[in-house]
Amino acid sequence: MKMRKTLKKFNILAINPNKMQKLDKIDRKILDILIDNTRTPFTDIAKRLLISAGTVHVRVKKMEDLGIIKGSSLTLDYNMLGYNFIAYIGVLIDRSRRTYEIIEELKKKPYVTVAHITTGKYNIFCKIRAKGTEHAREIIFSIDDVEGVLRTETMISLEESINDKKRLMKSIFQKL
């Protein structure tokens, strides 16, 4: 019970193994197809699995209700849109108890695309996307200006070599 309160306090979701037990072979096959392409029509999934489109709909709804599926996503080619500069920023803050206040401020900055609360040298580690070095400098300075931020350290990404959530998802569902 104490652990559950701690997880709730820090807004961390614990995986409930009972939810995973509610997935059968058909559910896993549906997920496997959706992992490859979230836009696959339910009718196509139904034809491939030899079940009705209504069954696919009901099962996807069930997985949404269980919290296993949380929406779908759109993948953009940021390079094509002119946002080809990626940097990772370690953020050191003055007091750990201000972490969530600072996260809320970072959420207001659209070019901060990811932020993690971390252990180690930094309290927060985030990823930014920018049009170039001048734009990145503006973003980094705006992070430095957040009240409670002591300093930042920036690492520039030279190349994104791996960005493949599909492999992880497939691996997780193969082990169930």
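Of note:
- Within the set 90, 82, the sole residue that is assigned to a strand (DSSP E or B), among the small types (Gly, Ala, Ser), more than 30 Å from residue 24 (Cα to Cα) and in contact with a Gly (Cβ under 9 Å, 6 or more places away or on another chain) turns out to be 90.
- Filtered residue count, the range 128-167, keeping only those that are among the hydrophobic types (A, V, I, L, M, F, W, C) and exposed (fewer than 13 other Cβ atoms within 10 Å of the Cβ): 6
- When the range 85-100 is filtered for residues that are out of contact with any Lys or Arg (no Cβ under 7 Å at 6 or more places or on another chain) and surrounded by 14 or more Cβ atoms within 10 Å (Cβ to Cβ), the ones remaining, listed by number, are 87, 89, 91, 93, 98, 99.
- Verdict on residue 105 being charged (D, E, K, R), farther than 30 Å from residue 35 by Cα and in contact (Cβ under 8 Å) with a residue 12 or more places away in the chain: yes
- Scanning the range 23-58 for residues that are of a type in the set (S, T, N, Q) and surrounded by 14 or more Cβ atoms within 10 Å (Cβ to Cβ) yields 40, 55.
- With respect to (1) charged (D, E, K, R); (2) surrounded by 13 or more Cβ atoms within 10 Å (Cβ to Cβ); (3) not in a helix (DSSP H, G or I), the lone exception for residue 170 is condition (3).
Quick note: the coordinates plus some simple rules give every number you see, no bench work behind them. Quick caveat, the model's predicted, so the values are computed rather than measured. Counting neighbours? That spans all protein chains shown, and the Cβs are built from the backbone with ideal geometry, glycine included.
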